[in-house]
Amino acid sequence: MSQSAVNEPTSRKVIVVGGGIAGLSAAFYLQQEGKAKNAALSITLVDANPKLGGKILTEKIDGFTIEGGPDCFISQKPWAAELAHQLGIQDDLIGTNDHQRKTFVLNNGKLTPLPDGVMLIVPTRIMPFVLSPLITWPGKIRMGLDWFIPRRPGRDDETVGDFVRRRLGSEALDKIAEPLLSGIHVSDPEKQSLLATFPRFRSIEEKHGSLIRGMLAERKAAKARKSAGARRVSLFQSFKQGVGRLTEAVETALTDCRLIKDTRVVSIARGGEWGYQIDLSSGETLTADAVVLATPAYVAAELLAPVSLDIARMLNAFEYVSTATISLGFRKQDIQKPFMGFGFVNPSTEKRRISACTWTSFKFDHRAPDDHILLRCFVGGPGKEEMVELDDESLIKIARAELADILDLTAEPVLTRIYRWRKANPQYNLGHLDNVRQTFEACAKELPGIYLTGSTYEGVGIPDCVRQGQQVAEKVMGFLNETKEESYL
Ligand SMILES: Cc1cc2nc3c(=O)[nH]c(=O)nc-3n(C[C@H](O)[C@H](O)[C@H](O)COP(=O)(O)OP(=O)(O)OC[C@H]3O[C@@H](n4cnc5c(N)ncnc54)[C@H](O)[C@@H]3O)c2cc1C
């Protein structure tokens, strides 16, 4: 869009602050809605980084495709794949290499496969579970009791730790739920809200009275869909070029949006009788009818403090933890003891310095040159955040020592790449849903036209961020429509 069109006096102005997937989706769906409704809309997206995408960060180095942040998204939540279709990049979608799907759990220092048929954390096939050495006999019997334990009355929230202990027992929590579920949310299961992170488990309990019965019913339904000819989509998806393909495609599609990169929003003030004034680090001041804040909550708090200390205080209550990823590329010929699968997780009871390792080039194609492999180790998270501040050399040394110990992998890596994610993982602790609701209500009441969105609030995964971007775009359009007459424009 030409600059003059952007500044047309009659157009309503929306500023999106933050060009991660949530902000990009918000801008994209605003543009779509604006076109569909033939609205005179001027959209500007401002991001602090020179490259858009936020935590979605794909790099190509020496034939490797390296993900600094997310490496895939769950297909059961449709919004990311839908966005890919709307952008016309659906042919670039890829699934995981399910023929070699195997996840391992470190158990007393030895890699032990997660038994076949475990869906999320629930066993759905008897024999592989019974024969698995991962869980002791008393632990297996305790997990089986889920079939008989009555559902919990009431709809109160509880921690993921309490829920899993209540239904499946402590061993299932320590060996399966804690490393797998907290790996997704990077949080402490003893604090993590069940209803904010895995509401599906509570729904299954309510509907079927047992997780095992519920998961068996889901498996049966999935089989029926398959035999009725439904196309099988891998549980996790990415793009041939890496997850960054998605954010790059959104950026390309934002033809009617002014993109301001490498520039921070430094403050937000009321714009006189109506709207807001947004000061940028470049010295420019923008005006807006509506502002979408798609940044972490602590950034939104800083920006909104001059207009509402109350809301800033509420936003500052959202907690985050820091993590880092260490990608290591190896020549295949240097691997002495071959391995196959998607990777392993380390329960915290194993007291290891890496929490998990993804075998990236086994999980997805197009991630390493044919004669190489790519692995990715994770460090940091609750109680271990200080590790993120170690220097590169120390982190690589730690990752290599752990891989040597766990995988017998002593080869010299041909490539190493570290990404530090400080205060990047929002903690959906008990009370999160109430905090989000109260913050949103206060914002709507005190600061009409200001909208909060992104991974801090209603889902951390990429599909949830896309959905939130889409929903916030609808809310902004509704607000602009309602306030047409009052506009100073
Ligand atoms: C290591 C890691 C692995 C992950 N793995 C997965 C995975 O496999 N699958 C999955 O679904 N999810 C995964 N996630 C979660 C997911 O990547 C994030 O939740 C999601 O990308 C966050 O998107 P967002 O738009 O909410 O925020 P962000 O990506 O953080 O975007 C916020 C943007 O705001 C900008 N900004 C900040 N301050 C300002 C300012 N003052 N002015 C202007 N701009 C500003 C930043 O530059 C940034 O671009 C992972 C996260 C991490 C850290």
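Shown is the FRET efficiency for residue 112 and residue 91, computed with R0 = 41 Å from the Cβ-Cβ distance and rounded to the nearest 0.05: 0.60. Take the Cβ atoms of residue 99 and residue 397, set R0 to 30 Å, and the FRET efficiency comes out at 0.30. The slack between residue 126 and residue 166, meaning 0.36 nm per residue of separation minus the straight C-alpha distance, is 12.3 nm. If the chain linking residue 76 and residue 446 were pulled fully straight, counting 0.36 nm for each residue of separation and taking away their Cα-Cα distance, it would gain 129.6 nm.
Placing +1 on the Cβ of every Lys and Arg and -1 on the Cβ of every Asp and Glu, with nothing else charged, gives the chain a dipole about its Cα centre of roughly 1960 debye. Counting only DSSP H runs of at least 4 residues, each contributing -39500 (n - 2.57), and dividing by the residue count of the chain, the helix-based mean residue ellipticity at 222 nm comes to -10500 deg cm²/dmol.
For the range 93-109, putting each phi into the Karplus relation 6.51 cos²θ - 1.76 cosθ + 1.60 with θ = phi - 60° gives couplings of 5, 10, x, 6, 7, 5, 5, 10, 5, 7, 10, 10, 10, 6, 9, 6, x Hz, in residue order, rounded to whole numbers and with x for Gly and Pro.
In this structure the amide hydrogen of residue 16, modeled in the peptide plane, comes within under 5 Å of the amide hydrogens of 44, 45, 46, 292, none closer than 5 places in sequence on its chain. The value of relative contact order for the range 116-227, using C-alpha pairs under 8 Å at least six residues apart, is 30 percent. Estimated from the Cβ-Cβ distance and a Förster radius of 56 angstrom, the FRET efficiency linking residue 337 and residue 48 is about 0.80.
Charged neighbours of residue 25, selected by a Cβ distance under 14 Å, balance to -4 (K, R count +1; D, E count -1). Within the range 383-489, which GluC sites (Glu not before Pro) sit in a loop by DSSP and count at most 10 neighbouring Cβ atoms inside 10 Å? Sparse-neighbourhood loop GluC sites (Glu not before Pro): 485. Report, in whole Å, the centroid distance computed from the Cα atoms of the range 197-222 and the range 352-373. Using only Cα atoms, the two centres lie 32 Å from each other.
Cα extents for the range 334-489 along the principal axes, largest to smallest and rounded to whole angstrom: 72, 35, 26.
The modelled label-to-label distance for the pair residue 410/residue 36, using points 7 Å beyond Cα in the direction of Cβ, is 6.1 nm.
Name the shape class, rounded, prolate or oblate, that the alpha-carbon gyration tensor gives for the chain, where a ≥ b ≥ c are the square roots of its eigenvalues, rounded holds for a/c under 1.5, and otherwise prolate holds if a/b is larger than b/c and oblate otherwise. Prolate shape, in that a/c is at least 1.5 and a/b is the bigger ratio.
For the chain, the relative contact order is 25 percent, taking Cα pairs closer than 8 Å that sit 6 or more residues apart in sequence and dividing their mean separation by the residue count.
Readers should treat all values here as calculations from the given coordinates under stated rules, not as data from a laboratory. On a predicted model such as this, the values are computed, not experimentally measured, just so you know. All Cβ positions, even for glycine, are placed from backbone atoms using ideal geometry, and neighbour counts span all protein chains on display.
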